[in-house]
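Throughout, read-outs are computed from the coordinates displayed, never taken from laboratory work. Nothing here was measured: the structure is a model prediction, and the numbers come from that model. Note that each Cβ is placed from the backbone with ideal geometry, even for glycine, and that neighbours are counted across all protein chains shown.
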Amino acid sequence: MQSRRNFMKAMGKGGLLLGVNQFPFHLFDRGEVTKITLLHTNDVHSRVDPFPMDGGRNQGLGGVVSRAKLIEQIRSEEEHVLLMDSGDIFQGTPYFNFFGGEIEMKCMSEMSYDVATMGNHDFDAGIDGFVKQMKHANFPFVMSNYRVDDTALSEHLQDYLIKEVGGIRVGFFGLGIKLDGLVPESLCKGVIYQDPIVQAQRVANTLKHDEKCDVVICLSHLGYRYDEDWVSDVVLARETENIDLILGGHTHTFLKAMQTKKNKKGEAVFVNQAGFGGILLGRVDLYFENNKKAKCQSCKNLLVK
Amino acid sequence: MIRVISIIAILSVLAVGQSCKSVQHLATADNVNLKVEDHQSYGDSPMEAMVRPYRDELQAEMNVVIGYNAADLSKGKVNSSMGNFVSDLLLSEATKLSGIAVDFAIQNYGGLRIVKLPKGDVTKGKLFELMPFDNLLVIVEMKAQDVRNLCNRIADYGGWPISEGVTFNISDAMAGDIMVGGEPLDESRIYQVAMPDYVANGGDACPFMIGLPQTDTGQYIRHVLIAGVEEITAQGNQIEHNPSIRITKK
């Protein structure tokens with residue numbers, strides 16, 4: 001919980017989505033405000049070391065040592081921090097070819113990731129190859145649209161995860177991309193892909209209504225947006241409800257800023273993606289107003305373009 | 001003043017009436033995507049201590065010199081010195097691994113990930129850079145029309161690495177005068193063509209490949225290239241450029 005002054009100070013740190021003048025600060029006078037800081041990566045692709053100094057545009061960027069330092073710094077400044085990944089942890093540097101994903105999982109555990117989902121490249125060592133590295137992961141994987149009942153993954157993927165931080169119930173679930181054509185069948189045998197929209201709506205309803213989550217976050221490896229008529233984060237946002245935030249991956253999209261989309265009911269859904277290779281660490285600060293009203297007056301002021 | 005107080009009182013009653021439980025409303029969200037930059041040396045961090053043994057082991061392995069390259073090999077279209085080198089190695093290794101008389105080999109252009117293999121010592125790491133993907137070398141049984149489809153795809157792309165044993169020309173993004181083993185395509189023949197399983201399974205816009213019979217060598221292409229260079233070295237030779245022309249652009 002924060003005082004109003006701290007709240008304003010915190011708000012002032014990054015560019016506001018809302019202009020300060022538009023923000024209904026008076027509503028916060030009688031309620032308590034809680035800030036939750038979400039940090040997220042996607043498509044890190046075994047980039048354990050920074051990009052090599054080879055004259056390329058990404059040279060010197062990324063690397064687990066720098067990322068860990070940045071996360072540590074933010075954790076020292078903020079009370080409630082959650083860290084997550086949207087898949088394609090594996091494949092892209094010889095670290096993966098040599099150690100099969102062990103060091104990637106160990107690094108994420110060392111950084112205290114809270115939750116992750118699977119990308120298509122996380123099947124590159126096969127189901128058994130992924131499962132083999134689970135002993136090095138001290139965080140859970142969420143996945144709602146792959147049926148894995150008859151595979152070794154069934155013990156390692158869960159439908160959703162709820163984290164309670166600062167009195168806020170945060171619900172997480174994960175969505176995976178269609179594997180057909182992306183992953184050789186031998187590597188994902190027995191995994192059944194299901195419609196991500198249908199499964200997202202199912203699990204989001206569960207999290208919002210049955211599990212009484214205050215916020216529902218989707219870790220998606222569907223991709224940000226396509227010219228083709230394929231399901232993507234943008235489509236997911238538009239065609240569902242009860243999802244507040246989509247943290248995506250797969251398309252290696254560098255967004256200058258998080259996007260705000262309208263859901264099925266016209267409510268705001270935030271969508272973000274953090275490039276690839278650990279070049280970026282996405283940061284989203286969520287502010288919650290605690291009151292005894294069923295409706296949140298200030299929430300109406302969320303900008304939806 | 002009294003009116004204000006009474007409104008507050010009514011609102012409070014309403015609020016309590018609606019729900020006794022407090023609600024956490026997501027009021028707003030703020031975002032910044034932070035660049036991860038190495039501003040200083042973090043040599044003392046626990047993360048660095050954890051990564052270091054892996055990095056050292058990896059670098060020791062990667063820095064092993066496995067051969068010598070006599071001249072710069074470059075990636076390019078329609079033919080290229082690097083393309084010839086890679087596809088010729090795939091051809092000879094596929095024949096050796098499978099015992100099949102392989103007619104020719106192809107490698108999709110996008111699968112080669114460096115633009116130059118410089119003259120000088122060749123390390124294992126360099127071949128990892130050249131071919132980071134875990135693609136398997138497979139041999140596909142193809143009829144004359146399948147070979148035509150494949151050559152047309154390569155022509156449409158403006159040229160992929162192809163080995164000795166096959167030649168054609170490109171005109172209007174189509175393949176013409178396709179010759180295998182110096183002979184025009186024979187409609188009654190089955191051709192044995194080595195390639196990455198990625199292409200053999202329809203990848204890189206090759207859907208016509210799906211369903212054709214395959215023989216899997218069980219070896220990653222990268223491993224095949226490393227083994228090929230090691231053999232050249234073991235025979236006391238260097239990597240030499242084979243400049244033969246496989247594709248002619250009209």
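Please give the charge dipole size of chain A, origin at the Cα centre, charges +1 on K and R Cβ atoms and -1 on D and E Cβ atoms. Round to the nearest 20 debye.
Computed about the Cα centre, the dipole is about 1500 debye.
Lys/Arg Cβ at +1, Asp/Glu Cβ at -1, dipole of the protein assembly as shown taken about the Cα centre: which of A:Thr206, B:Thr233, B:Gly120 is farthest positive-ward?
Result: A:Thr206.
Please report B:Trp160, A:Trp230 as a ranked list, fewest other C-beta atoms within 10 angstrom at the top and most at the bottom.
A:Trp230, B:Trp160
Using modelled amide H (1.01 Å from N, peptide plane; none on Pro or chain starts), what sits under 5 Å from the amide H of B:Leu185, excluding residues fewer than 5 places away?
It is B:Val180, by chain and number.
Summing -39500 (n - 2.57) over the DSSP H runs of n ≥ 4 in chain A and dividing by its residue number, what mean residue ellipticity at 222 nm do you reach, to the nearest 500 deg cm²/dmol?
Mean residue ellipticity at 222 nm (helix-derived): -6000 deg cm²/dmol.
Mind checking the dipole of the protein assembly as shown: about its Cα centre, +1 per Lys or Arg Cβ, -1 per Asp or Glu Cβ, Debye to the nearest 20?
2760 debye
Taking every residue in A:42-50, how many Cβ atoms of other protein chains lie within 10 Å of its Cβ, on average?
Average neighbour count from other chains, rounded to a whole number: 2.
Determine the shielding of peptide A:62-73 by partner chains: average, over its residues, the number of Cβ atoms on other chains within 10 angstrom of each Cβ.
Average per residue, whole number: 6.
Place a +1 charge on the Cβ of each Lys and Arg in segment B:66-249 and a -1 charge on the Cβ of each Asp and Glu, then give the dipole magnitude about the Cα centre in debye, rounded to the nearest 20.
With Lys and Arg at +1 and Asp and Glu at -1, about 480 debye.
Select from B:Asn149, B:Ser244, B:Val193 the residue farthest towards the positive end of the dipole of chain B; place +1 on Cβ of Lys and Arg, -1 on Cβ of Asp and Glu, and compute about the Cα centre.
B:Asn149
Which order do A:Tyr226, A:Tyr287 fall in if you start with the one that has the fewest other Cβ atoms within 10 Å?
In order of increasing Cβ crowding within 10 Å: A:Tyr226, A:Tyr287.
Please report the net charge: other residues with Cβ closer than 13 Å to the Cβ of B:Val115, K and R +1, D and E -1.
Neighbourhood net charge equals +2.
If you take every DSSP beta bridge whose two residues both sit in chain A, what share of them, in percent to the nearest 5, is antiparallel?
Counting only bridges with both partners in chain A, antiparallel ones make up about 50 percent.
Based on the Cα coordinates of chain A, what is the per residue volume of their convex hull in Å³?
Taking only Cα atoms, chain A has a hull volume of 137 Å³ per residue.
When DSSP beta bridges are limited to those with both residues in the protein assembly as shown, what percentage is antiparallel, rounded to the nearest 5?
Antiparallel bridges: around 70 percent, rounded to the nearest 5.
Rg and Dmax of segment B:66-249, Cα atoms, in Å?
When restricted to the Cα atoms of segment B:66-249, Rg and Dmax are 15.3, 46 Å.
With 19 Å as the limit, write out which pairs from A:Lys106/A:Lys132; A:Lys163/A:Lys208; A:Lys208/A:Lys264; B:Lys75/B:Lys249; B:Lys35/B:Lys126; A:Lys35/A:Lys256 have Cα-Cα distances beyond it, or answer none.
B:Lys35/B:Lys126; A:Lys35/A:Lys256
Mind checking the mean number of beta-carbon atoms from other chains within 10 Å of the Cβ atoms in A:266-276?
2
If you take all C-alpha pairs in the protein assembly as shown, what percent of them are over 45 Å apart?
Here the long-distance tail beyond 45 Å is 27 percent of all Cα pairs in the protein assembly as shown.
Most exposed first by the Cβ proxy, i.e. fewest other Cβ within 10 Å, how do A:Arg147, A:Arg283 rank?
Ascending Cβ contact count within 10 Å gives the list A:Arg147, A:Arg283.
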